[in-house]
Each structure stands twice: as structure tokens, then as C-alpha cells.
Amino acid sequence: MNKPSPQSLDRLRAAVGPKGWSDASEDLAPHLVEWRGRYQGATPLLLKPADTSEVAAIVRICAETQTAIVPQGGNTGLVGGQIPCGDEILLSLERMKSIRALDQANAAITVDAGCPLKIAQDAAAAENLLLATSLASEGSATIGGIVSTNAGGTNVLRYGMTREQVLGLEVVLPNGDIWEGLTGLRKDNTGYDLKQLFIGAEGTLGIVTAATLKLFPRPQSQMTAFCAVASPAKAVSLLGQIRTASGNQVSTFEILPRRGLEFVLKHGGTAKDPFSQSHPWYVLMEVDCALRDRDELMKSALEADLLEDAVIAASLDQAQALRALRERLSEMQKHEGSSIKHDVSVPVSAIPTFLEEATAAVETACPGIRPVPFGHLGDGNIHFNLSQPTGMDKDLFLARWEEMNRIVHDIVAAYGGSISAEHGIGQMKCEEMLRYKSVTEIEMMKGIKHTLDPLNILNPGKLITP
Ligand SMILES: Cc1cc2nc3c(=O)[nH]c(=O)nc-3n(C[C@H](O)[C@H](O)[C@H](O)COP(=O)(O)OP(=O)(O)OC[C@H]3O[C@@H](n4cnc5c(N)ncnc54)[C@H](O)[C@@H]3O)c2cc1C
């Protein structure tokens, strides 16, 4: 890929006008480092187009001059996909954030790609509708970002990943053409479903400029409960029991170990332990059910010996406080030194044995290591995060990142699992993906990339190299 010439950069600046670009280091800085501080990037130019036609003009110039582009939304991605490595221009969608339309009868919303997810959720809520994708980063993560990473989050169990929310997309292709695919149709069997290519493509196949997303009726009444359980095996049985008893109304089912709760209690300011004694594991559960059914649901779980104890939120504030015990865990883990992360999935039924095996393996390899496996148990998705041994040098521990990945990912593969359940590949897992996907899969992915982006100008070096 070419280092952009001064003439190319001038043409790009002209395409967006004075409000649409910057090369000042103070403007670039927040765009060049990601949430975990793992990737520090560089770019000759930050572009902030105002609309789809400006995005298309930028991409046409980049195609002509063979200039690489990294699209960026809210910069909350966790695998470095949104961080440019040097010669790429950075295209931020931050000025494109309007709600284009909300069709109540069709239960669909059409939103610009740079709109933060929370703003779109609030627009839906104002019409008593639910935009189902929900993540701890929703205040900053954008519609284009959640589509491009096929984000998961806490509502996947009931509503599915972002892919299942997308009805249509508008995308600027690598040659600068605009694909106007913003349909609100729920049925359309006219050949290949092209939007699927761009969902989870991490900006390597096109720049998403708008999306039409499904909406649902808002649950009339929801129970938020924080439960103490004896083991992950009990948690899996509890999930089955509550799903059946509630008629499949469980939207959130998150697990965390005692060590994780302790991190939140220690560093989380006002956070309080909901129970008077400690328990080995906890589940945060949300179920759409009427007030009168709540006690019955929990009673049946207690009688089946699946619960040690449980607290049901009696107000919205209490529900928020219980949710925060799970949501703040990643942030609080930072106070315990460095950590090596894994975002993996295995079949739900295999979670208990996977956790046992992986925990024993990392503890043998690195005595004193503090595993904090937590996450979306209902989807089989565990964030198998490893905090450094107390007192160990941070960098010495991080130097073992690949060794720990190998141990954990090989066990995941043996269970037929995935090495990236929801965060994607980005620059972090390119090599790792080559190890675990078959040659046939990699060749199909390369073929798609080459067909849509033969010049390899969109997010090169991320996800797949041609
Ligand atoms: C505290 C925290 C909690 C999180 N929780 C979850 C979680 O529960 N589940 C989950 O799945 N993720 C989670 N994430 C990860 C992250 O929030 C999601 O991946 C999110 O979807 C990224 O959105 P973004 O707008 O910030 O995208 P960015 O970080 O800006 O970009 C992510 C990727 O998408 C590409 N991209 C962005 N916008 C576009 C566009 N318009 N067109 C084409 N490509 C584009 C980028 O090039 C990059 O490859 C979490 C992150 C944090 C910091």
C-alpha cells in the first residue's frame, strides 16, 4: 500500500471541506489508542465526512491513489481493528449520527453509522420499542461499529447477535460505489443476502454508512436477579430450568466467579455484596416476567437445589446496581495489574468441564495466576481473563500472552469452540485465526476479500490478508 502523497492528502481534505479533517496531534491522539491501551496507532490524516456522498468521494480518491483506509466508529473495539498502523488514513464516522427514520408499524429504525448505540436505543424507547443489542460500551460504540463487529452483549440469549437485528445496510464499496441496501424487509429471497458479508467484516469489505435495524416491543415487566450458585454446572442447570419455567423469556444470563465480585467490591467505590456470606459463583439473570411470577420462578430453582441464595431487584435503581456488579468487572480488573484475555465460546453444555480444564492448565503453567472467567454463559461465551499473580512484574506476565493463548485456545478447539466469540479478529488474532480455521475457510474468506477489495485498501492487515 502507498504512503499517501501530499497531493493525495490535499485531494482528500478538499473532498470533506475544512470541518471534515484534522492532522493536529491533539485531535488525532484519542483516535489512535484503544480502550485497553494495547495498540498505539499512527495516521497522516483524520477524515470526518458529513454524509454518505463524502464517504464515497473519499473512497474513490483512495482507490485511485491506492491509499489505505481504516474506518472507525466509537473506538471501543477490543482487538485493534479500528487503529491505523501508519500510512492509512483514518475515517471516523463521528459526524454521521442522525436517526434517519423510525417506522413504528414495521418495527424498524434507520440510523446513520456514526450514531452511538445508546442514542438509537433511546430513540426506540421513546416509541415504547426495544433495540435489542446492548453492551457495556453502548454510550460510545456506534451503529457502524456494532454491525461491523457483529457485536454480542447481554441480550443475545433472547434476541441474537447484532447480525440478527440487521434488516438492511447502506455501504460504500472499496471502489467508491454506494450500495443502497436499506430495506426494512423481513423476507427477501432474491439470491445472495449481501448484507451478511458486511456484518462482522470489521471494515475490510466496505464502509457501513447506515443501517436499518429490527425493533421489538419493550418488555412490560422484567425481573433482575443476582443469584449465588455452587458451581458452573449448577449455573447451566439453572439456565435450563428458568428458560423452561419462563417460556424462554430469559434475556440475560451472566456468570462471574467470587474473585471477580471481590475485584468489583474492592475497587468499585459504592458497590456492595448483595449477600451476607461469600459464594463461589454468581449469576446475573434478567427474565421478562410479571411481578406475580417472580417468586414462583425462584422458588422452583431453590427447590431443585440449583440456587444457594438470590436477590431480586425491587426497583430500577436496585436492578442497575446489580447489573453494575457484572458490567464493571472488566474495568475493575485493570486495578489488579495486567491481564491476559480470551473471548471464547464452547457449547453451553461443555462450559463446566471447559472451565475446570482450562483453569487447571493455566494454573499449572503459571503458579499464582488468578483466572477470572466471566461472561455470557447463556451463549456459551466466556471471557476467560487471567489476572497476573500478585506482585509479579506486569510486563513479565504479559510476555506470556501467546503461551497462555495457546493453552486456552487449544482446549477451546478440542471442544469445537471459537477463539473469538464476539470481539472479532482485528490485528490481535489474525495469526491465531489461521491456526484454528481450515484451509478451505481461509481460502473462501480470501476470495471474498479479493473480489470486493482487489486493491486491499480497506483496513489492510486486519482480519484477513489477501
Ligand atoms: C467496556 C466494554 C465492553 C464491551 N462489551 C462488549 C460486549 O459485551 N459484546 C461485544 O460484542 N463487544 C463488546 N465490546 C467491544 C466493542 O464495544 C464492540 O466491538 C463495538 O461493536 C465496537 O463499536 P465501535 O463503534 O466502538 O467500533 P470501533 O471500535 O470504532 O471499530 C471496530 C471495528 O469495526 C470497524 N468499523 C467501525 N465502524 C465501521 C463502519 N461504519 N463501517 C465499516 N467498519 C467499521 C473498525 O474498522 C474496526 O475494525 C466492549 C468494549 C468495551 C470497551
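Whenever a residue of the stretch 135-163 is over 18 Å from T110 (Cα atoms), its partners that are among the small types (G, A, S) and in a helix (DSSP H, G or I), lying with C-beta atoms within less than 6 angstrom and at least six residues away or across chains, give the pairs L157/G378.
For the stretch 31-78, filtering for residues that are part of a loop (DSSP other than H, G, I, E, B), more than 13 Å from the ligand (Cβ to nearest atom), of a type in the set (A, V, I, L, M) and crowded, with 19+ Cβ neighbours inside 10 Å leaves 1.
Reported count of residues in the stretch 384-398, each being in a loop (DSSP other than H, G, I, E, B), in contact (Cβ under 8 Å) with a residue 40 or more places away in the chain and out of contact with any strand residue (DSSP E or B) (no Cβ under 8 Å at 6 or more places or on another chain), is 1.
Each residue in the stretch 192-238 was checked for being part of a helix (DSSP H, G or I), among the small types (G, A, S) and either in contact with a Leu (Cβ under 9 Å, 6 or more places away or on another chain) or within 15 Å of the ligand (Cβ to nearest atom) (or both), and 2 pass. State yes or no: is A113 outside the structural domain of G41 (by TED's automatic domain parsing), of a type in the set (A, V, I, L, M, F, W, C) and surrounded by 16 or more Cβ atoms within 10 Å (Cβ to Cβ)? When the stated conditions are applied, A113 passes them. Right, I425: part of a loop (DSSP other than H, G, I, E, B), aliphatic (A, V, I, L, M) and out of contact with any Gly (no Cβ under 9 Å at 6 or more places or on another chain) or not? Answer is no for this residue.
The lone criterion from (1) farther than 18 Å from L78 by Cβ; (2) assigned to a helix (DSSP H, G or I) left unmet by G416 is number (2). Regarding V111, is this residue closer than 23 Å to V166 by Cα, within 21 Å of the chain's Cα centre (by Cα) and part of a strand (DSSP E or B)? Spelling it out, V111 is indeed closer than 23 Å to V166 by Cα, within 21 Å of the chain's Cα centre (by Cα) and part of a strand (DSSP E or B). Per the conditions (1) out of contact with any Lys or Arg (no Cβ under 8 Å at 6 or more places or on another chain); (2) within 16 Å of the ligand (Cβ to nearest atom), the sole criterion not satisfied by K187 is (2).
In the set G145, G176, which member is surrounded by 23 or more Cβ atoms within 10 Å (Cβ to Cβ) and of a type in the set (G, A, S)? On inspection, the qualifying residue turns out to be G145.
Residue count for the stretch 231-246, restricted to those that are of a type outside the set (V, I, T) and within 21 Å of A313 (Cα to Cα): 7.
Evaluating E363 against the criteria (1) out of contact with any Asp or Glu (no Cβ under 7 Å at 6 or more places or on another chain); (2) surrounded by 18 or more Cβ atoms within 10 Å (Cβ to Cβ) leaves one unmet condition, (2). Does S22 qualify as being more than 29 Å from K394 (Cα to Cα), over 30 Å from the mean Cα position of the chain (by Cα) and touching a residue at least 24 places away in the same chain (Cβ under 8 Å)? No: the conditions fail for S22. Which condition breaks for I242 when tested against (1) closer than 23 Å to I382 by Cβ; (2) among the hydrophobic types (A, V, I, L, M, F, W, C); (3) more than 25 Å from the chain's Cα centre (by Cα); (4) not in a helix (DSSP H, G or I)? Condition (4) is where I242 drops out. Evaluate the stretch 246-262: report whether one residue or more is under 13 Å from V372 (Cβ atoms), in contact with a helix residue (DSSP H, G or I) (Cβ under 6 Å, 6 or more places away or on another chain) and not in a strand (DSSP E or B). Yes: one or more hits. Do we have any residue at all in the stretch 155-168 that's assigned to a loop (DSSP other than H, G, I, E, B), surrounded by fewer than 15 Cβ atoms within 10 Å (Cβ to Cβ), at pLDDT 95 or above and not assigned by TED's automatic domain parsing to the domain that holds S345? Within the stretch 155-168, none of the residues are assigned to a loop (DSSP other than H, G, I, E, B), surrounded by fewer than 15 Cβ atoms within 10 Å (Cβ to Cβ), at pLDDT 95 or above and not assigned by TED's automatic domain parsing to the domain that holds S345.
The values are calculated or read from the model by the stated rules, or taken from the named source; none is laboratory data. Everything numeric in this text was worked out from a predicted model, so none of it was measured. Backbone-built Cβ (ideal geometry, glycine too); neighbour counts: all protein chains shown.
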